[in-house]
Amino acid sequence: IIIDYGGPNVAKPLHVGHLRSAIIGESIKRIGRFVGHKVIGDVHLGDWGLQMGLIITELKHRKPELVYFDDSYTGEYPEEAPFTISELEEIYPCASGKSKEDEAYRNEALEATHLLQQGKPGYMALWNHIMNVSVTDLKRNYDKLNVSFDLWKKESDAQPYIPGMVEEMKEKGFAYVDQGALVVDVKEENDTKEIPPPFQECMLLKSDGASLYTTTDLATIVERMKLFNPDEILYVVDKRQELHFIQVFRCARKTGLVKDDTKLSFLGFGTMNGKDGKPFKTREGGVMRLETLIKDINEEMFTKIVENRSVKDKDAKETAEIVGLSAIKYGDLSNQATKDYIFDIDRFTSFEGNTGPYILYTIVRIKSILNRFAEEGGNLEAGTILDPVNDSQKNLMLQLTGFGATVENAFEEKAPHKICAYIYEVSNAFNSFYHETKILSEENEAQKASFIQLLKLTKKVLETCIDLLGFSATG
């Protein structure tokens, strides 16, 4: 199974809009591997569109003396990029703004994009710099989220597959010219009004021969089939892209880019909104950077941890980062992926209720009992789980038996929120058992050993589940 769950554009910082794809995709990848599938995660970077032409154009205006713009230059290009990541992140919005107001500037950027795609050496060298600087920064930010990819494939990787794919679609009679553009008819007899006419015709090439997102997505399918021959390709993308993917999947099926039994799946997620119910923004009203969101959560967690005096000051910062990540990931994943949700920092960072910190608090509580038992000379390996002594223990034992079915069902339905719901129930069941049962002061040694084994099993189930969700209880 290949999961496509990144999709950031290079040269732009990750913002909160990238959060859900990364978090949901990472969790589904982990759950898939846990149930025994071979799962490959691909970030699928946007690196080949107009934003590259805009950056090159703006650089040319600012530093025309750079060798990349000298057509007569035949030497080696510098190894060092002529910009830092922060400069790059300022150049793009500046160029984008200019192109909206200045027609000549926009045409220059379109021409630069075209020349890059034709392989102009100076522009290719600049593109390599942009890629290196951006990808280093992206990896650093994804690391903070505990998200990783097996493949760092890019839109440009699919380019070599486009000409052959287009030729084959023409030869087989699928692709035809309509008003100058090359299209494939993807209408189906039972189409309802949900599929509007523009999506019933899949455009491969514009009248000037330029390819589109659709073309690149189709060529990426060709590349994935050639390199990996997957049983399924799953796209974890904003649900507003659904019509685009219906069109791409239909075209891929109709033209035989995939085998009959290859599954093409789309998991469309909802938006993450602020307390006002609108897409999450900064106080100034701009799109919030992911780094800023993580920093805000960590600061909130740090304040709560210090106020509670729950850990030593020197450990508080590291603990805040561990608990902060659980707050972000659990806060997102506990909602059904397809639904919009309110990102509420106060609620998500609370140690009470259905939150990541509450789950971690439960695991820490179990660990401290096990540690005390061992310090008092107890053997953590001895004993076996006996029949329950009260209803709360029985309830906890019954909850634990649901682990296998929950994980399998969460994978079948691509629904990490089911694992969140499950561990919330297990945590509640454990805490009830803890409050109603004297564990360490139990005088019957066999009974005490039984409780200890039950605690170990509870800890193992909770730790396995949070790992499937993409966070942990330790640094």
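Residue pairs whose Cβ atoms lie under 8 Å apart, separated by 6 or more positions or on different chains, with the first residue in the stretch 256-275 and basic (K, R) and open to solvent by 10 Å² or more (accessible area, probe 1.4 Å) and the second at pLDDT below 95 and in a loop (DSSP other than H, G, I, E, B), are K275/D344. When S134 is tested against (1) touching a helix residue (DSSP H, G or I) at 6+ places or on another chain (Cβ under 8 Å); (2) modelled with pLDDT of 95 or more, just one condition goes unmet, and that condition is (2).
Whenever a residue of the stretch 77-94 is touching a residue at least 24 places away in the same chain (Cβ under 8 Å) and closer than 13 Å to E58 by Cα, its partners that are part of a helix (DSSP H, G or I) and open to solvent by 70 Å² or more (accessible area, probe 1.4 Å), lying with C-beta atoms within less than 9 angstrom and at least six residues away or across chains, give the pairs I91/R62. Scanning the stretch 32-50 for residues that are at pLDDT below 95 and either surrounded by fewer than 21 Cβ atoms within 10 Å (Cβ to Cβ) or of a type in the set (K, R) (or both) gives G46, G49, L50. With the structure loaded, tell me whether I322 is of a type outside the set (D, E), over 30 Å from L360 (Cα atoms) and assigned to a helix (DSSP H, G or I) or whether it fails that test. So I322 does not fit the description; no. Of the helices (runs of 4 or more DSSP H) lying entirely inside the stretch 385-440, those carrying at least 2 residues that are more than 26 Å from K329 (Cβ to Cβ) and free of Cβ contacts under 8 Å to residues at least 60 places away in the same chain are 391-400, 417-436. Summed over the stretch 210-247, residues that are within 16 Å of I3 (Cα to Cα) and touching a Leu at 6+ places or on another chain (Cβ under 6 Å) total 4.
Looking only at residues in the stretch 60-86 that are more than 31 Å from the chain's Cα centre (by Cα) and among the aliphatic types (A, V, I, L, M), the one that is surrounded by the fewest Cβ atoms within 10 Å (Cβ to Cβ) is V67.
Being under 30 Å from I466 (Cα atoms) and among the β-branched types (V, I, T) holds for only one residue in V166, V135, and it is V135.
For the stretch 137-176, filtered to residues that are assigned to a helix (DSSP H, G or I) and small (G, A, S), the residue that is surrounded by the fewest Cβ atoms within 10 Å (Cβ to Cβ) is G164. Check whether at least one residue in the stretch 234-243 is open to solvent by less than 80 Å² (accessible area, probe 1.4 Å), touching a Pro at 6+ places or on another chain (Cβ under 9 Å), closer than 28 Å to D178 by Cβ and in a helix (DSSP H, G or I), and report yes or no. Looking through the stretch 234-243, at least one residue is open to solvent by less than 80 Å² (accessible area, probe 1.4 Å), touching a Pro at 6+ places or on another chain (Cβ under 9 Å), closer than 28 Å to D178 by Cβ and in a helix (DSSP H, G or I).
The values are calculated or read from the model by the stated rules, or taken from the named source; none is laboratory data. All of these numbers come straight from a predicted model, not from anything done at the bench. A quick note on method: Cβ atoms are made from the backbone with ideal geometry, for glycine too, and the neighbour counts reach across all protein chains shown. Surface accessibility is based on the protein's heavy atoms, side chains included, excluding ligands, DNA and RNA. Shrake-Rupley method; radii C 1.70, N 1.55, O 1.52, S 1.80 Å.
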